[in-house]
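The values are calculated or read from the model by the stated rules, or taken from the named source; none is laboratory data. As the structure is a prediction and not an experimental result, all values here were calculated from the model. Counting neighbours? That spans all protein chains shown, and the Cβs are built from the backbone with ideal geometry, glycine included. Accessible surface is based on the protein model in full, side chains and every heavy atom, while ligands, DNA and RNA are left aside. Shrake-Rupley method; radii C 1.70, N 1.55, O 1.52, S 1.80 Å.
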Amino acid sequence: MLLIPCPWCGARDEVEFHYGGQAHVAYPEDPSALSDEQWGRYLFFRENPEGDFAERWSHSAGCRRWFNVVRDTRSNRIKHVYLPGEPRPVTP
Amino acid sequence: MSRHPELGNIDRSRTLRFVFDGREYHGHPGDTLASALLANGVRRVGTSTLLGRPRGIFSAGAEEPNAVVQIEEPFPEPMVLATTTELYDGLVARSLSGRGRLADRPDPCRYDAVHAHCDVLVVGAGPAGAAAARAAESTGARVIIADSGPPAADRTRAYSAPDPHGLGTGPQTRVLARTTVVGYYDDNYLVAVERRTAHLGLDAPPDLARERVWRIRAKRVVLATGAHERPIAFAGNDLPGVMLAGSARTYLHRYGVLPGHRAVVFTTNDSAYATALDLAAAGLTIAAIADSRPEPAQDWADRARAAGIEVLAGQLVTEARGDGEVASVLVGTRELPADLLLVSGGWNPVVHLFSQSGGTLRYDERLGALVPGESPQAVEVVGAAGGDLGHGSGEPLWFVPAGDYSRHFVDLQRDVTVADVWRATGAGLTSVEHVKRYTTAGTAHDQGKTSGALTSALVAHATGVAPGGAGVTTFRAPYLPVSFAALAGRDRGALHDPVRITALHDWHAARGALFENVGQWRRPWYYPRAGEDMAAAVLRECRAAREHVAAMDASTLGKIDVIGPDAAEFLDRLYTNLMSSLAVGSIRYGVMCRPDGMVFDDGTAIRLAEDHYLITTTTGNAAAVLDWMEEWLQTEWPDLRVTCTSVTEQWATVALVGPGSRAVLGDLAPGLAVDRAGFPFMTWRETEVAGIPARVCRISFSGELAYEINVSSWYGLSLWEAVMSRDVTPYGTETMHVLRAEKGYPIVGQDTDGTTTPQDLGMEWIVSKKKPDFLGKRSFTRRDTARPDRRRLVGLLPRDPEALLPEGAALLAGDRMAGHVTSSYPSAALGRTFALALVSGTHTTLTTRSGVAADVTSSVLYDPGNTRRDGAETETAAPPAGGFEAPVRRSPLAGFEAEFDGLRLAEAPFLTQVNVRTGTPLTPPGTAVTDGETTTVWLGPDEWLTVGPGAARGVDVSAQRTAIRITGPRARDLLAHGCALDLHPDVFPPGRCAQTLLARTQIILIAESDGFLVLVRASFAAYLGAWLLDAATEF
């Protein structure tokens, strides 16, 4: 049971959250200008790194706010928490 | 075997009777089943599964591989360790060979779970754990001490470990006895199982939970889990009478049991000398100590010899002999008569929990064992668990060399021998994980507690790598077997899962409705009359809706209030069709797709004002749609000025359907013009229905003239009763499904499956050509989505008009799979059966695999011209039925009130609640501020809830939730049964608030001066009320 730090409510049990997958996958500016392959890449391709991963969570059973974290997928340690629209923090 | 006259922490003044394998024996309070059996001379406690060999009590604790017994009374429980089962009067058990027997009746006991938080969790109350606990207590920290043994007060005399006295004296200390920590998870989350009443046997109070699962979040963990003694593999090492040396000492000191008369001790280290000396002093004959070390520790050897014990230095036990139990022991060429062979191959620190924490393990050559390395979590290991064994050891000895290894047992439970391991390594297996699976060593009930290290060492030996070089298998949770009943806790029976009901539920139940589960909702399925089966009831309900007038409780539809200057733009982006062009006062059906173009949800949008919509979602998808809207608003379109609020429970919705619906509505709503011109299709009106303020929508999910009447859910039952007073037939979800299927209206999730586009459903008309973009648009031109052979929704008419195609059935065109049935019903209107299906290609006939043929038709089988939707051209108004009763306001938990010791629960009904969205903070995050009348509750960075009469501008959600006030000094304890938040007064003082989960139900929790106010959604209130009363059983 991860303890996930909601930027608004503080640390809460994982069951209160909804996972939102990889962060910083922006909806394309003009989808109609994309080729099928480019659009397919937006729809279906996500990274799966061993190590730091920027991902989205929603505090669905709490304040209902979405936020981003950088989590080390090896240890589950959450290294950064930041708001949507903010750039991914640089991890040393 | 006998009792020592003095030793042991047993209460000899009381005798307990028990039955094992059909014979009655006696023991004392303080005994385990194993110690009582040994005291009665019972050595054989089981038969090995594979080879049928007799097996005896091997240890005195959780590592026991042999003494796994079946408890028969008071309640059947399979595969229980005799070595940890506390004896009680009336215990009936029997020996096993392999699996036990599950109970053939429901377990009558209660089970429970509690959340706990602490600064320091100490696991194990032995000397090292006790010292750590005392140190933590002295700092004023919140300490939890969990120990598998009985509590100090039950121990009449202290033995070796634990002087337990003095523990648990800290003001914030909780001592959990009979509690085994079984799992160590991320972020210092540990799960423990407390055995609370099993030791009381037949006297266990039925209202006390038999076992309790503790879910503990600890800032720091101290593991003082001790060490397990290691066996040595030699011929006949599985005979009853072979026992771990330290365990014999435990039997002597803790239970006053002498586990034999004449013993040989076989050791690799100093620890067994203490056992030999203590047993000798207690009157047992020690025939010899065979010490594998050529030079045993001088002081211990001297003390043994002084006690008259022969020490055979550098000698090995080569065989235990006997017929069914040990009769003699072969040391080299000498055969020593003995009925007990005590073995110590060294000690393994119990590193299971440390390993589960993510900790690395290191092989310690001196100990021949794994010891803790580094852990990413805040954990420290003390005492023997950390490798601090406090005695000298020699070269590890794993097995005694021999010509034949077929009786050198490695895993006593699985009958795995050294020969089996050699066979595995001989076959080329070099990984311990592979050898485990090939031989099954370590896969039994004990999960290799005595065999794991030995297996690993044998693999290392056979493959020529250094000891410890072969690795180990993973230490997985749980550390000990945990009963499913304990894991289920109170989540069973009526409380198995949160249940949602509407404001009309009791009416449905009282009228004999059968219910269907839709998500967590209980929806009326159909209302059988006396003598009716389901088919007859549904045909009657369908006929009433098509020919007369019928009504359904549609309150479960998700409802979301969407407000803000950009509401229209927002909905244009979410729905496939245009919502911005919808006129105020009108309603439009809409479909939402995911970006991949697949249908996600459907429903209606009604435009309340330029900047204000109310949208409905499918019953099961309401939360997902709201999440979806918030996701796009917050992560992609933060510039849109829109807010979304769930109002599902705020409104009770009654669908009034059928050619007679206009007359009924006109009768109940005298102020409303209900004629065709005055109230056109797809518009809404605000009026009073049966004297209740209502919003009436002229929409239809059946093809008939129909209305949806929405009122505050407080008045839902009054509205329904008024409708029912007009000779209206109630109908359930089955009829609703038939009616919509006859019209070819798809149900998202039944006729779609996440691979279905609007076009697949034949709904090209719902996909806007005008909008530059909306979610899903780009995907409709993807090659895959646009391909011509996609499955599309069609109607099916079975050739045999009475044949009902099974939903889900495959449809064949010749011998090719062409699609599958998605919906299938008998139809009153069509006078036959019909179905909807998703089918690829053009066909006239399809067959199921069982050969039922059906003709393919349009998906719209009833009234394709939509002639019935608006009702009759002119209508003879129904005669006024004589008014209606004055509406009555009802709260979801009317009358809910209960008092316990230190605890009071009561509904606080009819609180005015307004959801306020503003960029100007009203209260700081996580706080609820009251002015004495109205409390302003923080919900999020731009969201508050006002509770109370004070005026606030926002969305009225008064009936969306009800409130339960929990007061008294034990309110926190009650909530801890189902709420994972730390509610300690220092952490969650009065004035704090949180949105969180209680009993898996979303709540708003507000700490007040004398307790808590719990705001719960109206649909969950009855479930949560029942859960709270159940959790309060022990209060």
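Does B:K449 meet the test of being in a loop (DSSP other than H, G, I, E, B), basic (K, R) and under 30 Å from B:I57 (Cβ atoms)?
Taking the combined requirement at face value, the residue satisfies it.
Which fully enclosed strands (runs of 3 or more DSSP E) of region B:892-972 have 1 or more residues being within 14 Å of chain A (Cβ to nearest Cβ)?
Correct list: B:913-917, B:928-930, B:935-940, B:943-947.
Among the residues of region B:770-806, count how many are under 25 Å from B:S858 (Cα atoms), of a type in the set (A, V, I, L, M) and within 14 Å of chain A (Cβ to nearest Cβ).
Residues in region B:770-806 being under 25 Å from B:S858 (Cα atoms), of a type in the set (A, V, I, L, M) and within 14 Å of chain A (Cβ to nearest Cβ): 1 in total.
Residue check: is B:A994 within 11 Å of chain A (Cβ to nearest Cβ) and among the small types (G, A, S)?
Values: within 11 Å of chain A (Cβ to nearest Cβ): yes; among the small types (G, A, S): yes.
So B:A994 passes the test.
Is it true that B:C979 is more than 17 Å from B:L495 (Cβ to Cβ), within 14 Å of another protein chain (Cβ to nearest Cβ) and open to solvent by less than 20 Å² (accessible area, probe 1.4 Å)?
Numbers: more than 17 Å from B:L495 (Cβ to Cβ): no; within 14 Å of another protein chain (Cβ to nearest Cβ): yes; open to solvent by less than 20 Å² (accessible area, probe 1.4 Å): yes.
No: the conditions fail for B:C979.
If you scan region A:8-41, which residues turn out to be under 15 Å from the mean Cα position of the chain (by Cα) and facing chain B (nearest Cβ under 9 Å)?
Matches in region A:8-41: A:E14, A:H18, A:G20, A:A23, A:A26, A:Y27.
Can you tell me how many residues within region B:834-874 are under 30 Å from B:V549 (Cα atoms) and under 42 Å from the mean Cα position of the chain (by Cα)?
Of the residues in that region, 5 qualify.
Identify all residues within region B:997-1035 that are open to solvent by 10 Å² or more (accessible area, probe 1.4 Å), of a type outside the set (A, V, I, L, M) and not in a strand (DSSP E or B); write none if there are none.
Matches in region B:997-1035: B:R1000, B:S1009, B:D1010, B:F1020, B:Y1023, B:D1030, B:T1033, B:E1034, B:F1035.
Going through region B:51-66 one residue at a time, which ones are hydrophobic (A, V, I, L, M, F, W, C), crowded, with 24+ Cβ neighbours inside 10 Å and touching a Lys or Arg at 6+ places or on another chain (Cβ under 8 Å)?
Of the residues in region B:51-66, the ones hydrophobic (A, V, I, L, M, F, W, C) are B:51, B:57-58, B:60, B:62.
With the extra rule that they be crowded, with 24+ Cβ neighbours inside 10 Å, the set shrinks to B:57-58, B:60.
Within region B:51-66, B:I57, B:A60 meet the criteria.
Please give the number of the condition B:D207 fails out of (1) modelled with pLDDT of 95 or more; (2) assigned to a loop (DSSP other than H, G, I, E, B); (3) acidic (D, E).
Of everything listed in (1) modelled with pLDDT of 95 or more; (2) assigned to a loop (DSSP other than H, G, I, E, B); (3) acidic (D, E), B:D207 misses just condition (1).
Condition check: within 28 Å of B:D561 (Cα to Cα) and exposed (fewer than 15 other Cβ atoms within 10 Å of the Cβ). Does B:V888 satisfy that?
Yes, satisfied.
Which ones in region B:630-677 are within 14 Å of chain A (Cβ to nearest Cβ) and polar (S, T, N, Q)?
Listed by number, the residues that qualify are B:Q634, B:T635, B:T643, B:T645, B:S646.
So, B:A951, is that one of a type outside the set (D, E, K, R) and modelled with pLDDT under 95 or not?
Numbers: of a type outside the set (D, E, K, R): yes; modelled with pLDDT under 95: yes.
So B:A951 fits the description; yes.
Name every residue in region B:656-679 that is in contact (Cβ under 8 Å) with a residue 40 or more places away in the chain and open to solvent by 10 Å² or more (accessible area, probe 1.4 Å), in order of residue number. So that I can check it myself, show each step before the final result.
Going residue by residue through region B:656-679, those that are in contact (Cβ under 8 Å) with a residue 40 or more places away in the chain are B:656-668, B:675-676.
B:P659, B:G660, B:R662, B:A663, B:V664, B:G666, B:D667, B:D675, B:R676 - these are the residues of region B:656-679 that are in contact (Cβ under 8 Å) with a residue 40 or more places away in the chain and open to solvent by 10 Å² or more (accessible area, probe 1.4 Å).
Taking region B:44-58 only, how many residues are in contact with a helix residue (DSSP H, G or I) (Cβ under 8 Å, 6 or more places away or on another chain) and either outside any strand (DSSP E or B) or on the phi > 0 side of the Ramachandran plot (or both)?
So the answer is 2.
Among the candidates B:P29, B:P108, single out the residue that is buried (at least 17 other Cβ atoms within 10 Å of the Cβ) and touching a residue at least 24 places away in the same chain (Cβ under 8 Å).
Going through B:P29, B:P108 in turn, just one is buried (at least 17 other Cβ atoms within 10 Å of the Cβ) and touching a residue at least 24 places away in the same chain (Cβ under 8 Å): B:P29.
So which strands (runs of 3 or more DSSP E) stay within region A:4-92 end to end and still have 3 or more residues that are within 21 Å of B:S779 (Cβ to Cβ) and open to solvent by less than 80 Å² (accessible area, probe 1.4 Å)?
A:18-22
May I ask you to list the residues in region B:398-417 that are assigned to a loop (DSSP other than H, G, I, E, B) and either under 34 Å from the mean Cα position of the chain (by Cα) or not β-branched (V, I, T) (or both)? Talk me through it step by step, then tell me what you get.
So in region B:398-417, the residues assigned to a loop (DSSP other than H, G, I, E, B) come out as B:398, B:400-407, B:412-415.
Residues satisfying the conditions are B:W398, B:P401, B:A402, B:G403, B:D404, B:Y405, B:S406, B:R407, B:L412, B:Q413, B:R414, B:D415.
Is it the case that region B:429-437 has a residue that's open to solvent by 30 Å² or more (accessible area, probe 1.4 Å), at positive phi and assigned to a loop (DSSP other than H, G, I, E, B)?
no
Which of the residues spanning region B:614-629 are open to solvent by less than 10 Å² (accessible area, probe 1.4 Å) and either within 14 Å of A:A61 (Cα to Cα) or more than 14 Å from chain A (Cβ to nearest Cβ) (or both)?
Once the filter is applied, which keeps residues that are open to solvent by less than 10 Å² (accessible area, probe 1.4 Å) and either within 14 Å of A:A61 (Cα to Cα) or more than 14 Å from chain A (Cβ to nearest Cβ) (or both), region B:614-629 yields B:I615, B:T617.
Got a number for residues in region B:782-813 being modelled with pLDDT of 95 or more and outside any strand (DSSP E or B)?
Counting residues in region B:782-813 that are modelled with pLDDT of 95 or more and outside any strand (DSSP E or B) gives 12.
Which residue out of B:T687, B:T733 is hydroxyl-bearing (S, T, Y) and in contact (Cβ under 8 Å) with a residue 60 or more places away in the chain?
Numbers: B:T687 fails: in contact (Cβ under 8 Å) with a residue 60 or more places away in the chain.
Being hydroxyl-bearing (S, T, Y) and in contact (Cβ under 8 Å) with a residue 60 or more places away in the chain holds for just one of B:T687, B:T733, which is B:T733.
Among the candidates B:R726, B:R695, single out the residue that is of a type in the set (K, R), outside any loop (DSSP other than H, G, I, E, B) and in contact with an Asp or Glu (Cβ under 9 Å, 6 or more places away or on another chain).
One residue alone meets the criteria, B:R695.
Could you check region B:289-338 and list, in sequence order, the residues that are open to solvent by 50 Å² or more (accessible area, probe 1.4 Å) and among the charged types (D, E, K, R)?
Within region B:289-338, B:E295, B:D299, B:D302, B:R303, B:R305, B:E310, B:R321, B:D323, B:E325, B:R334, B:E335 meet the criteria.
Any residue that is open to solvent by 20 Å² or more (accessible area, probe 1.4 Å), over 19 Å from B:R490 (Cβ atoms), within 14 Å of another protein chain (Cβ to nearest Cβ) and in contact (Cβ under 8 Å) with a residue 40 or more places away in the chain - is there at least one of those in region B:201-219?
yes
Restricting to region B:941-963, count the residues that are open to solvent by less than 10 Å² (accessible area, probe 1.4 Å) and free of Cβ contacts under 8 Å to residues at least 24 places away in the same chain.
0
Can you name the residue in region B:220-234 that is open to solvent by 10 Å² or more (accessible area, probe 1.4 Å) and among the hydrophobic types (A, V, I, L, M, F, W, C) and is also farthest from B:Y189 (Cα to Cα) among such residues?
Taking the candidates together, the pick is B:A227.
Within region B:188-204, track down each residue that is of a type outside the set (S, T, N, Q), under 30 Å from A:D13 (Cα atoms) and not in a strand (DSSP E or B).
Across region B:188-204, the qualifying residue is only B:R196.
Within region B:478-561, which helices (runs of 4 or more DSSP H) (wholly inside it) include 1 or more residues that are open to solvent by less than 60 Å² (accessible area, probe 1.4 Å), acidic (D, E) and farther than 27 Å from B:T1001 by Cβ?
So the answer is B:534-547.
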